[in-house]
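Asks: Have a look at the structure that comes next, please.
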Amino acid sequence: MKRWGTPLHHYVRYIAYLLVITPILLYSYVFLKSLVNFPFYDDFFWYNKLILRAEGQPLLTKLALITEQHSDHRLILLKGLALLLSSIGTFDFRAPILLTNCLFLLFSIHLIVHVYHVSKHWFFTVPCLFILYQFIPYTVVFSYGLQTLGVLLFLYFALYYVWLTSRWSYGLTALMALLCVLSNTNGLLVLPILALVYFLTHRYQVAALYISLTVLIPAVYFSFGYQWNAGAVQYTSHFSKPVNTYLFLAELIGTWANLSHAFGYAMAVTVGTLLLLLIAWSLVGFVRSVNWRSLYVPPVTGASDTARHLILTATFMLGFILLTCLLLSYKRFAGTEHTNNVVPHYRQYSMFALCFCYVLGVAKIAQSRWLWSYAVICAVLSITGNIASYLYIHDSLRQYTLALRADVYNWQHNQSFLFFPHVEGEVAWQTVTTEMATNYQKHLIVEPPPTKPVHLISSSLSATVCQRDHEQVITLTDPATPHSYLSNVFLVLKNQQATYFFPFVNTLNSPRTILKQAALVSSYGQSAISHYICKDFLPCGSYQPFLYNEDLHTLQRINTTVTIFPEANSQRHNRKKVINKQIPIALNQ
């Protein structure tokens with residue numbers, strides 16, 4: 001490559017600028033497109049149920065409610081934010097997700113700015129962004145991953161400022177540590193880590209304070225009826241327990257690379273093994289940097305120490321991620337099989353591990369002639385992985401988004417939920433009480449129906465209806481009916497009594513259609529009606545199906561009939577219908 005200042009350098013700089021903003025813009029577009037103001041599953045516990053119980057209660061009662069255990073955690077920050085937002089006005093389910101992702105953006109900007117200061121070129125920040133702004137975690141739709149993501153974000157700032165010696169850095173470190181503890185149970189790990197850093201940097205008074213907090217806060221946290229809730233997840237396996245434990249750990253740390261239904265597990269274990277070696281290398285490097293005679297590691301004192309500051313922050317981030325993954329493996333593991341066993345929000349640990357391994361490499365070889373080769377290879381791999389993540393998850397992501405939007409309409413028309421995604425229907429109704437559902441409208445709000453009039457298209461569509469596993473599938477077969485892949489399209493079942501909405505997902509045909517945002521709705525466009533939907537919420541009988549395009553406000557008849565048989569839901573839980581009163585249907589023609 002020619003020396004800096006030549007036209008080639010300017011082209012590389014402009015390409016770097018483009019690559020830096022691309023993953024953020026793409027992620028933001030998909031993120032905003034996916035947000036729905038509607039609860040699902042655990043939202044009913046840490047939002048709906050909490051707000052219902054806290055209404056009109058004194059402050060001490062509210063504090064007791066937000067500190068109650070949920071699963072293995074006390075989600076104090078998330079619940080406190082929910083009560084705060086609900087006290088200001090009508091609670092919006094999108095608000096916590098938006099706030100967390102804004103913090104995520106702030107974190108990514110902070111990180112790449114410091115990577116730039118070390119590497120002196122924006123191109124070296126590109127892999128960081130393409131790794132972090134991947135689409136595998138479902139944080140763009142649900143609040144499931146907010147506490148996991150929040151802990152990692154607060155932890156980063158705590159570990160960054162703990163190495164500084166200015167007065168304000170002590171306050172920022174303490175604030176970030178507090179937010180970690182209030183976010184999730186593994187946030188407690190930040191206390192002994194900070195105590196260790198302050199001890200090794202010979203700030204003994206602060207170290208003593210954090211050592212005391214390491215003892216006192218967990219003692220309080222695990223008191224007041226705390227129970228170790230989640231048991232081990234049972235899987236069949238032919239390997240010994242130590243081998244299975246390692247496979248699960250490697251898959252968990254390397255699950256960023258699980259981007260294929262056929263080879264995803266093998267890719268995840270391979271990448272996880274590599275990351276484990278890199279994490280071990282980084283921790284060994286830190287141990288060697290300690291002056292063991294005086295047990296001293298110098299703190300960061302100025303701008304000239306930027307590279308070491310980045311190395312220290314990345315090393316301790318990786319150490320925290322490794323410790324968390326070890327605890328998760330211990331808590332949840334009892335064997336494994338060659339499938340994807342990692343829940344979506346746990347994949348954030350893999351994203352951050354891969355990102356900080358890359359950052360560590362940049363900081364270590366910042367003055368080496370191999371830096372550009374290292375960055376180019378990592379950029380190609382991270383961009384490929386980012387694109388592959390969208391191709392891998394697009395179907396599920398659209399399913400989740402449209403499913404929540406469909407239940408918005410179901411609530412507006414029938415005062416009931418069908419609880420999508422459809423495979424969760426029976427499980428959801430086993431945990432979400434009728435009281436929580438019936439009080440939903442009183443205390444929380446859903447999106448208003450479309451204000452534009454619906455246009456009924458005179459022509460009709462052809463489709464097939466067939467049984468598949470535990471669901472009835474309606475598949476369009478009309479090749480002359482194109483719909484944008486990212487359009488909000490729904491299957492509508494109507495009869496004389498009610499109208500029900502189901503998500504309609506048109507499967508992607510090729511990567512080229514992603515760029516055009518226009519996959520054709522042909523034999524790949526379909527909607528599934530699960531047998532797990534309670535019969536009291538989807539009554540038996542014959543229904544006329546329609547295709548409703550929310551973006552174009554059009555309704556088109558489908559030339560078939562969908563019949564819900566009594567035997568299809570004979571094993572479901574019989575529940576009293578929430579409200580029998582029918583709301584006037586906006587789509588009646």
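Asks: Just flag the chymotrypsin sites (Phe, Trp or Tyr not before Pro) in the range 241-272 sitting in loop per DSSP whose Cβ has no more than 13 other Cβ atoms within 10 Å.
Replies: F263
Asks: If you take every residue apart from M267 with its C-beta less than 15 Å away from the C-beta of M267, what net charge results, scoring Lys and Arg +1 and Asp and Glu -1?
Replies: 0
Asks: Sticking with this structure for a sec: Keeping all protein chains in place and using 1.4 angstrom, which order do Y392, Y204, Y358 fall into by accessible surface area, from largest down?
Replies: Result, largest first: Y204, Y392, Y358.
Asks: Right, here's the next one. Given the whole protein assembly as supplied and a 1.4 Å probe, what does the accessible area of W122 come to in Å², nearest 10?
Replies: 70
Asks: Within the range 342-388, list the trypsin sites (Lys or Arg not before Pro) lying in a DSSP loop whose Cβ has at most 11 other Cβ atoms in a 10 Å radius.
Replies: Passing sites in the range 342-388 are R369.
Asks: Less than 15 Å Cβ to Cβ from A314, Lys/Arg counted +1 and Asp/Glu -1: what total charge do the surrounding residues give?
Replies: Spelling it out: positives minus negatives among the neighbours equals +1.
Asks: Ordered by packing density, taken as the mean number of other Cβ atoms within 10 Å over each peptide's residues, highest first, how do 549-559, 148-158 rank?
Replies: For the peptides 549-559, 148-158, the packing ranking is 148-158, 549-559.
Asks: Also, I was wondering about something else. For the range 72-140 and the range 24-38, what is the separation of their C-alpha centers, rounded to whole Å?
Replies: 13
Asks: Same structure again: How much accessible area does R405 have with a 1.4 Å probe, in Å² rounded to the nearest 10?
Replies: 40
Asks: Using a 1.4 angstrom probe, figure out how much accessible area the range 44-134 has per residue, in square angstrom, rounded to the nearest whole.
Replies: Heavy-atom accessible area per residue stands at 40 Å².
Asks: To the nearest 10 Å², what's S373's accessible area with a 1.4 Å probe?
Replies: In the full protein context, S373 sits at about 60 Å².
Asks: What is the local net charge at V505, summed over the other residues whose Cβ is closer than 9 Å to its Cβ (Lys, Arg +1; Asp, Glu -1)?
Replies: 0
Asks: Is the range 108-209 best put as rounded, prolate or oblate by its Cα gyration tensor, with a ≥ b ≥ c the root eigenvalues, rounded for a/c under 1.5, and otherwise prolate when a/b is larger than b/c, oblate when not?
Replies: Oblate, since a/c reaches 1.5 and b/c is not below a/b.
Asks: Take the solvent-accessible surface of the protein heavy atoms, probe 1.4 Å, and return the percent of it on the range 163-206 that carbon and sulfur atoms account for.
Replies: Heavy-atom surface of the range 163-206 belonging to carbon and sulfur, 1.4 Å probe: 73 percent.
Asks: Looking at the range 1-138, how many pairs of lysines come closer than 19 Å at the Cα, when each pair is eight or more places apart or spans two chains?
Replies: So the count works out to 4.
Asks: May I ask for the distance between the Cα centers of the range 362-405 and the range 157-182, given as a whole number of Å?
Replies: Comparing the Cα centres of the range 362-405 and the range 157-182, I get a distance of 29 Å.
The values are calculated or read from the model by the stated rules, or taken from the named source; none is laboratory data. These numbers were taken from a predicted model, which means no experiment stands behind them. All Cβ positions, even for glycine, are placed from backbone atoms using ideal geometry, and neighbour counts span all protein chains on display. We work out accessible area using only protein heavy atoms, side chains counted, and drop any ligands, DNA or RNA first. Shrake-Rupley method; radii C 1.70, N 1.55, O 1.52, S 1.80 Å.
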